[in-house]
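Just below is one structure, and these are the notes that go with it.
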Amino acid sequence: LSTNTYSSLFDEPFFGWLEELHTTYGAKFSLYIYDLTKLASVPATYQQEFHEAREWLKFGLHARSSGYNYASGTYEAAQSDWNTFVENIVRITGSYESVDRIPRLHNFAGNLESVTGMRDGKCGALGFLGADDNRVSYHLTEEQNKILIDESSLRDSVNNLIIFRTNYRGERLGSAEGMYEKMEKFMDDITYSNCFNPFIWFTHEPYVYKNSVLTEYAQNVEDVCRFAHDYDIAFVYPQNRVDID
């Protein structure tokens with residue numbers, strides 16, 4: 001969007017694909033940004049279309065730059081990154097509602113200073129998406145992290161943050177087919193059938209979109225959307241599952 005001009009946001013192939021999945025299956029998406037410098041160069045040309053899509057297309061902070069994470073750092077620096085991100089998203093989309101307030105930080109890492117700095121920022125973080133494996137997510141203790149793994153979410157009432165566990169990393173399925181069947185197996189697994197939290201599924205953009213072209217692997221994303229549609233599973237943002245002031 002920074003280097004090309006389109007008559008519509010959805011003429012850009014990636015955004016057009018997301019819109020098609022939303023229209024066909026009711027899918028909702030969050031896209032996580034890891035380069036604040038590049039974000040600053042995105043024009044506000046498509047603000048109206050982003051604004052109209054705010055109920056199904058949101059953006060969250062991933063990191064200030066590629067390779068950086070928030071395992072160390074200060075309250076002030078993390079809050080500055082968060083505020084810079086939010087200001088740019090509002091400039092580009094015209095709406096605070098386009099901000100995902102429960103994002104996935106890079107490496108699922110963030111010390112207490114960083115996560116509370118983001119919590120206290122503009123349109124601040126309500127929580128974060130935790131790891132899909134056994135690593136300790138963010139500022140949690142080992143005991144808290146075990147609760148997160150066992151129960152799929154953890155409310156940190158001391159710091160007023162909620163962490164949702166990520167349930168599946170899309171690229172774990174190495175083939176470009178079979179994701180629909182994988183989701184059916186999850187539905188039959190008591191670990192997930194008894195879970196009242198959102199089922200969190202994610203993947204990385206290069207697996208589905210390279211050099212402005214969708215890959216074969218993009219079919220797996222559509223299969224997840226089709227599965228949810230077929231089984232009448234609602235798409236929901238985690239931030240809509242917590243109380244918001």
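Relative to the Cα centre, the charge distribution of region 99-181, modelled as +1 at Lys and Arg Cβ and -1 at Asp and Glu Cβ, gives a dipole magnitude of about 280 debye. Note that the chain presents 50 Å² accessible area per residue, ligands and nucleic acids not counted, probe 1.4 Å. Could you work out what % of the accessible surface of region 8-145 is carbon and sulfur, using a 1.4 angstrom probe and leaving DNA, RNA and ligands out of the count? So the carbon and sulfur contribution to the accessible surface is 48 percent. Shown are 225, 123, whose ranking by accessible area with a 1.4 Å probe and every protein chain present, most to least, is 123, 225. The base-10 log of I(q)/I(0) for region 113-245, evaluated at q = 0.09, 0.16, 0.18 Å⁻¹, reads -0.31, -0.93, -1.10 [Debye formula, identical scatterers on Cα atoms, solvent excluded]. Greater than 31 Å separation of Cα atoms is the criterion. Which listed pairs, 146/185; 58/185; 28/185; 58/182; 38/182, meet it? The pairs that break the limit, which is 31 Å between Cα atoms, are 38/182. Accessible area per residue (1.4 Å probe, heavy atoms of protein chains only) ranks 135, 241 as 241, 135, with the largest value leading.
Computed from the C-beta positions of residue 4 and residue 241 and an R0 of 35 Å, the FRET efficiency is 0.45 to the nearest 0.05.
Sites counted here are GluC sites (Glu not before Pro) in a DSSP loop (not H, G, I, E or B) having no more than 13 other Cβ atoms within 10 Å; the longest part of the chain that contains none of them is 56-176.
Figure note: 118, 187 ranked by solvent-accessible area, largest first, 1.4 Å probe, ligands and nucleic acids not counted: 187, 118.
About its Cα centre, the dipole of region 74-126 is roughly 140 debye, where the only charges are +1 on Lys and Arg Cβ and -1 on Asp and Glu Cβ.
Dipole magnitude for the chain: computed about the Cα centre from +1 point charges on Lys and Arg Cβ and -1 point charges on Asp and Glu Cβ, it is near 540 debye. Per residue of the chain, the DSSP helices (runs of n ≥ 4 H) give a summed -39500 (n - 2.57) that works out to -10500 deg cm²/dmol at 222 nm.
In region 5-143, inverting the average of 1/r over every pair of distinct C-alpha atoms gives 15.6 Å as the Kirkwood radius. When DSSP beta bridges are restricted to pairs lying wholly in the chain, around 30% turn out antiparallel. Among residues other than residue 70 with Cβ under 13 Å from its Cβ, the summed charge is 0 (Lys and Arg +1, Asp and Glu -1). Applying a length cut-off of 20 Å (Cα extent along the axis) and a mean Kyte-Doolittle floor of -0.5 to the DSSP H helices of the chain leaves 75-93. A straight chain from residue 159 to residue 186 at 0.36 nm per residue would run longer than the Cα-Cα distance by 6.5 nm.
In this structure, residue 149 and residue 38 have a Cβ-Cβ separation that, at R0 = 30 Å, corresponds to a calculated FRET efficiency of about 0.30. Evaluate 2.2 N^0.38 Å with N set to the residue count of the chain, then give the Cα radius of gyration divided by it. Cα Rg divided by the expected 2.2 N^0.38 Å: 0.99.
Taking 0.36 nm per residue of separation and subtracting the Cα-Cα distance, full extension of the segment from residue 207 to residue 232 would add 6.3 nm. GNM on the chain, C-alpha springs below 10 Å: top fluctuator among 173, 112, 161? In the Gaussian network model the winner is 173. Candidates 86, 102, 162 compared by Cα position along the dipole of region 73-180: farthest toward the positive end lies 86, with charges placed on Cβ.
Placing dummy labels 7 Å off each Cα toward the beta-carbon, the span from residue 24 to residue 51 is 3.0 nm.
The values are calculated or read from the model by the stated rules, or taken from the named source; none is laboratory data. Bear in mind the structure is a predicted one, so any value in this text is a computation, not a measurement. Cβ sites come from the backbone with ideal geometry, for glycine too, and all protein chains shown count toward neighbours. Only protein heavy atoms, including side chains, enter the accessible area calculation; ligands, DNA and RNA are left aside. Shrake-Rupley method; radii C 1.70, N 1.55, O 1.52, S 1.80 Å.
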